[in-house]
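Engineer: For reference, the structure I am asking about is given below.
The values are calculated or read from the model by the stated rules, or taken from the named source; none is laboratory data. On a predicted model such as this, the values are computed, not experimentally measured, just so you know. Reconstructed Cβ throughout: ideal geometry from the backbone, glycine too, with neighbour counts over all protein chains shown.
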Amino acid sequence: MGMTITEKILAAAAGKKAVRPGELVNAKVDLVLGNDITAPMAIQEFEKIGVAEVFDRDRVVLVPDHFVPNKDIKSAEQAKIVREFARRQKLTHYFEVGRMGIEHCLLPEEGLVGPGDVVVGADSHTCTYGALGAFSTGVGSTDLAAAMALGEIWLKVPASLKFVYSGELPPWVGGKDLILYTIGDIGVDGAAYRAMEFTGPAIAKLSMDGRFTMANMAVEAGAKNGIVPPDEITREYVQGRAKRSYQFYAGDPDAEYAKVYEYDVSEMEPAVAFPHLPENVRPVSAAGHVKIDQVVIGSCTNGRLEDLRLAAGVLAGKKVHPDVRLIVIPGTQKIYLQALQEGLIKIFIEAGAVVSTPTCGPCLGGYMGVLAAGERCLATTNRNFVGRMGHRESEVYLSNPAVAAASAIAGCIVGPKEVL
Amino acid sequence: MILQGKAWKFGDDINTDLIIPARYLNTSDPSELAGHCMEDADPEFPRKVQPGDIIVAGKNFGSGSSREHAPLAIKAAGVSCVIAGSYARIFYRNAFNIGLPIFEAPEAAERIQSGDLLRVDVDKGIITNLSRREEYRATPIPPFMQEIISAGGLIDYVKKQKKQYQRTVP
């Protein structure tokens, strides 16, 4: 019986010839990750285990990104715990403010994750790295603590769901729209405990940035991991970037899938997820010109260079609507600098947007754009739960960066075609 | 172990932002987190929850973020256990890792109403609704999770296995 790519990676990490869905394995991890919210608790648990040092100081990565630059005194204390632990353990990859980025934009960019890796991170969007053909999943702080000590983690091998996307992507439709429609189709627990494997001719042509967006939101369907089988686009991305050796895995032709979903992307239009679940998806033409107070372009979902280029393409020479605050947050310092050199930042500022240092900030209602009661925000982020970006009576809508930019101009939710 | 308490009923897809909003994640202090537990789902909850009370919810409980603050806030609020139709996977792991008893019991999740008095036999996975004179069975806890519970949580489990796994550090 053949194996899927997810099963092959886990088998190799567990030192086994083969694994089957449902099997419990003890897998070696190639990298573990924590941030300023989850690492302090993990450090506290790690210290209870009684080992002096982490399993490998090159493979434990800490990225303060959620509430930094420190938003208040308590956040400063949390960040300090992380910083001091990183120093004490002499971690190679601790990323300080000014040299950091949103973790899931930063790690691939830095070549710290690669094809074939097993990665666990104390952040649910750790599934992002599946875009590179890695097995990557989110865990809590105690699991992170154990993985930091052992370099291993117990995992149940997930059954795989295969998603096949065919046809040509229409203009202004990308990875965000594909994943939103998919979540809209299967629901927020439609892939619970499963692997989501993204394949097909439309994925073969999709950029790495688009693939990161798709794998990033696998958790919004409840998945354990999202994965894109690596190809030439993957190779081009990791070559010259990878800091470790990597391996391309491919599923067997007779691999077993719990279910196969097929989508034709040719007729799709940009998608919008309505409050308060990412599964409440409508085509933008059916969004009904919902009036908005704020637009956020950024996050681990859509804060990459391609996203900023798309937004700037729509905003160039135009002005943000008088009733809208547009907040643009480049995912990493490198993305920020590149956007500056390409003139994108100039476009944003001339349009009337604010441009922030990389941070998760408003995505989880931390800071840099928290909503008041009754306010509505269209965001390129990943969650539109009750109270996600602020007051429990505020609303978050999700879309791709081009729709977000167009809506910032219009003052209500519209597709790019309506403003260009 | 027998747990007894009053039910607080919630709906489907109770995510970790509802369990503990991210705006309070600038601390890991359990009692501080408890003060905001379930606040965005029911603002009355943190003030009115009594020690031993039981959270009952529908499908996909604990979806969203990986924050372990969520089960910690529930535990620190004095909630004795959670009964739900199903759980999101990270929350499920986290609850076991920190020692919050949780039960997957779709029938119980459907039948129980807010205010019902419940008795839970943790070892047998039997939930008795004293108010409605009904009994429900929880899905058995997988043997491996059972091992973690018997060890006293993941950290103690790891401690026991430490020598076996520990590597030399460069």
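Engineer: Looking at the range B:1-13, I want the residues that are outside any strand (DSSP E or B) and have a partner that is surrounded by 15 or more Cβ atoms within 10 Å (Cβ to Cβ) and among the polar types (S, T, N, Q) with Cβ atoms under 8 Å, at least 6 apart or on another chain. Which pairs are those?
Structural biologist: B:12/B:60; B:13/B:60; B:13/B:63
Engineer: If a residue has to be of a type in the set (Asp, Glu) and either surrounded by fewer than 24 Cβ atoms within 10 Å (Cβ to Cβ) or more than 10 Å from every other protein chain (Cβ to nearest Cβ) (or both) to count, how many in the range A:128-143 make the cut? First the steps, then the outcome.
Structural biologist: Looking only at the range A:128-143, we keep the residues that are of a type in the set (Asp, Glu), and these are A:143.
Next, only the ones that are either surrounded by fewer than 24 Cβ atoms within 10 Å (Cβ to Cβ) or more than 10 Å from every other protein chain (Cβ to nearest Cβ) (or both) stay: none.
So the count comes out to 0.
Engineer: Conditions first: (1) within 11 Å of another protein chain (Cβ to nearest Cβ); (2) among the polar types (S, T, N, Q); (3) over 13 Å from the mean Cα position of the chain (by Cα). Residue B:114 passes all but one, so which condition is the exception?
Structural biologist: Only one criterion is unmet by residue B:114, namely (1).
Engineer: Taking the range B:22-39 on its own, how many of its residues are without any contact (Cβ under 8 Å) to a residue 40 or more places away in the chain, buried (at least 23 other Cβ atoms within 10 Å of the Cβ) and within 10 Å of another protein chain (Cβ to nearest Cβ)?
Structural biologist: Result for the range B:22-39: 1.
Engineer: Residue check, residue A:259 against (1) touching a residue at least 60 places away in the same chain (Cβ under 8 Å); (2) buried (at least 16 other Cβ atoms within 10 Å of the Cβ), all met but one. Which one?
Structural biologist: Single failed check for residue A:259: (2).
Engineer: Okay, moving on. Quick test of your reading of the structure: residue A:92 fulfils all but one of (1) more than 10 Å from every other protein chain (Cβ to nearest Cβ); (2) touching a helix residue (DSSP H, G or I) at 6+ places or on another chain (Cβ under 7 Å); (3) of a type outside the set (A, V, I, L, M). Name the failing condition by number.
Structural biologist: So residue A:92 meets the others, but not (2).
Engineer: Would you point out the residue of the range A:284-315, among those that are of a type in the set (D, E, K, R) and in contact (Cβ under 8 Å) with a residue 60 or more places away in the chain, that is nearest to residue A:353 (Cα to Cα)?
Structural biologist: Quick first cut of the range A:284-315, residues of a type in the set (D, E, K, R) only: A:291, A:293, A:304, A:306-307, A:309.
Of the ones still in play, those that are also in contact (Cβ under 8 Å) with a residue 60 or more places away in the chain are A:291, A:293, A:304, A:306-307.
Numbers: A:291: 18, A:293: 13, A:304: 17, A:306: 18, A:307: 15 Å.
The selected residue is A:293.
Engineer: Name the single residue, out of those in the range A:7-64 being assigned to a loop (DSSP other than H, G, I, E, B) and of a type in the set (Gly, Ala, Ser), that is farthest from the other protein chains (Cβ to nearest Cβ).
Structural biologist: First pass over the range A:7-64, keeping only residues assigned to a loop (DSSP other than H, G, I, E, B): A:14-23, A:29-30, A:36-38, A:50-59, A:64.
Filter again for of a type in the set (Gly, Ala, Ser), leaving A:14-15, A:18, A:22, A:50, A:52.
Numbers: A:14: 14, A:15: 13, A:18: 20, A:22: 10, A:50: 6, A:52: 8 Å.
Going through the qualifying residues, I end up with A:18.
Engineer: Just to verify a result, which residue in the range A:371-387, among those that are part of a loop (DSSP other than H, G, I, E, B) and surrounded by 22 or more Cβ atoms within 10 Å (Cβ to Cβ), is farthest from the other protein chains (Cβ to nearest Cβ)?
Structural biologist: Looking at residues that are part of a loop (DSSP other than H, G, I, E, B) and surrounded by 22 or more Cβ atoms within 10 Å (Cβ to Cβ), I get A:380.
Engineer: What is the one condition in (1) without any contact (Cβ under 8 Å) to a residue 60 or more places away in the chain; (2) away from chain B (no Cβ under 14 Å); (3) within 19 Å of residue A:281 (Cα to Cα) that residue A:201 does not satisfy?
Structural biologist: All conditions are met except number (3).
Engineer: Then there is this: Considering (1) over 29 Å from residue A:362 (Cα atoms); (2) touching a residue at least 24 places away in the same chain (Cβ under 8 Å), say which one residue A:69 fails and leave the rest.
Structural biologist: Of everything listed in (1) over 29 Å from residue A:362 (Cα atoms); (2) touching a residue at least 24 places away in the same chain (Cβ under 8 Å), residue A:69 misses just condition (1).
Engineer: Take residue A:211 and tell me if it is out of contact with any strand residue (DSSP E or B) (no Cβ under 8 Å at 6 or more places or on another chain) and of a type in the set (D, E, K, R).
Structural biologist: Working: out of contact with any strand residue (DSSP E or B) (no Cβ under 8 Å at 6 or more places or on another chain): no; of a type in the set (D, E, K, R): yes.
It is false that residue A:211 is out of contact with any strand residue (DSSP E or B) (no Cβ under 8 Å at 6 or more places or on another chain) and of a type in the set (D, E, K, R).
Engineer: Further question on the same structure: Give the number of residues within the range B:54-84 that are over 12 Å from the mean Cα position of the chain (by Cα) and either without any contact (Cβ under 8 Å) to a residue 24 or more places away in the chain or more than 14 Å from every other protein chain (Cβ to nearest Cβ) (or both). It would help to see each step written out before you state the result.
Structural biologist: Keep residues of the range B:54-84 that are over 12 Å from the mean Cα position of the chain (by Cα), which gives B:58-60, B:63-67.
After this cut, where a residue has to be either without any contact (Cβ under 8 Å) to a residue 24 or more places away in the chain or more than 14 Å from every other protein chain (Cβ to nearest Cβ) (or both) as well, the list is none.
Of the residues in that region, 0 qualify.
Engineer: Okay, next question. Among the residues of the range A:399-413, are any within 14 Å of chain B (Cβ to nearest Cβ), at pLDDT 95 or above and within 17 Å of the chain's Cα centre (by Cα)?
Structural biologist: no
Engineer: Related question: Mind listing whichever residues of the range A:65-78 are within 11 Å of chain B (Cβ to nearest Cβ) and surrounded by fewer than 24 Cβ atoms within 10 Å (Cβ to Cβ)?
Structural biologist: A:70, A:71, A:72, A:73, A:74, A:75, A:76, A:77, listed by residue number.
Engineer: Take the conditions surrounded by fewer than 22 Cβ atoms within 10 Å (Cβ to Cβ) and in contact (Cβ under 8 Å) with a residue 24 or more places away in the chain and apply them to residue A:248. Does it pass? Steps first, please.
Structural biologist: Values: surrounded by fewer than 22 Cβ atoms within 10 Å (Cβ to Cβ): yes; in contact (Cβ under 8 Å) with a residue 24 or more places away in the chain: yes.
The answer is yes for residue A:248.
Engineer: Sticking with this one: Pairs, please: C-beta under 7 Å, at least 6 apart or cross-chain, first residue modelled with pLDDT of 95 or more and in the range A:353-368, second of a type in the set (Lys, Arg) and assigned to a loop (DSSP other than H, G, I, E, B)?
Structural biologist: Sorted first by the residue in the range A:353-368, then by its partner, the pairs are A:364/A:388; A:365/A:388; A:366/A:71; A:367/A:71.
Engineer: Does residue A:120 count as of a type outside the set (D, E, K, R) and either assigned to a loop (DSSP other than H, G, I, E, B) or at positive phi (or both)?
Structural biologist: Details: of a type outside the set (D, E, K, R): yes; either assigned to a loop (DSSP other than H, G, I, E, B) or at positive phi (or both): no.
No; evaluated as a whole, the condition is false for this residue.
Engineer: Sort through B:43, B:51 and tell me the only one that's surrounded by fewer than 22 Cβ atoms within 10 Å (Cβ to Cβ), within 11 Å of chain A (Cβ to nearest Cβ) and either part of a loop (DSSP other than H, G, I, E, B) or at pLDDT 95 or above (or both). So that I can check it myself, show each step before the final result.
Structural biologist: Values: B:51 fails: within 11 Å of chain A (Cβ to nearest Cβ).
Exactly one of B:43, B:51 is surrounded by fewer than 22 Cβ atoms within 10 Å (Cβ to Cβ), within 11 Å of chain A (Cβ to nearest Cβ) and either part of a loop (DSSP other than H, G, I, E, B) or at pLDDT 95 or above (or both), namely B:43.
Engineer: Which condition number in (1) charged (D, E, K, R); (2) within 12 Å of chain A (Cβ to nearest Cβ); (3) surrounded by fewer than 17 Cβ atoms within 10 Å (Cβ to Cβ) is the one that residue B:93 fails?
Structural biologist: (3)
Engineer: Scan A:179, A:183 and give me the residue that is in a helix (DSSP H, G or I), within 14 Å of chain B (Cβ to nearest Cβ) and touching a residue at least 12 places away in the same chain (Cβ under 8 Å).
Structural biologist: A:183
For (1) more than 19 Å from the chain's Cα centre (by Cα); (2) within 14 Å of chain B (Cβ to nearest Cβ), each residue gets a yes or a no:
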{"residue": "A:119", "(1), (2)": "no, yes"}
{"residue": "A:126", "(1), (2)": "no, yes"}
{"residue": "A:145", "(1), (2)": "yes, yes"}
{"residue": "A:188", "(1), (2)": "no, yes"}
{"residue": "A:206", "(1), (2)": "no, no"}
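Engineer: Next question, about the same structure. (1) in contact with a strand residue (DSSP E or B) (Cβ under 7 Å, 6 or more places away or on another chain); (2) surrounded by fewer than 16 Cβ atoms within 10 Å (Cβ to Cβ); (3) in contact (Cβ under 8 Å) with a residue 12 or more places away in the chain: which one isn't true of residue B:110, the others all being true?
Structural biologist: Checking residue B:110 against (1) in contact with a strand residue (DSSP E or B) (Cβ under 7 Å, 6 or more places away or on another chain); (2) surrounded by fewer than 16 Cβ atoms within 10 Å (Cβ to Cβ); (3) in contact (Cβ under 8 Å) with a residue 12 or more places away in the chain, the one that fails is (1).
Engineer: Can you give me the number of residues within the range A:388-413 that are part of a loop (DSSP other than H, G, I, E, B) and surrounded by 24 or more Cβ atoms within 10 Å (Cβ to Cβ)? Write out each step before concluding.
Structural biologist: Within the range A:388-413, the first condition is being part of a loop (DSSP other than H, G, I, E, B), and the residues that meet it are A:388-389, A:391-394, A:399-400, A:411, A:413.
Within this subset, residues satisfying the condition of being surrounded by 24 or more Cβ atoms within 10 Å (Cβ to Cβ) are A:388-389, A:399-400, A:413.
Residues meeting the conditions: 5.
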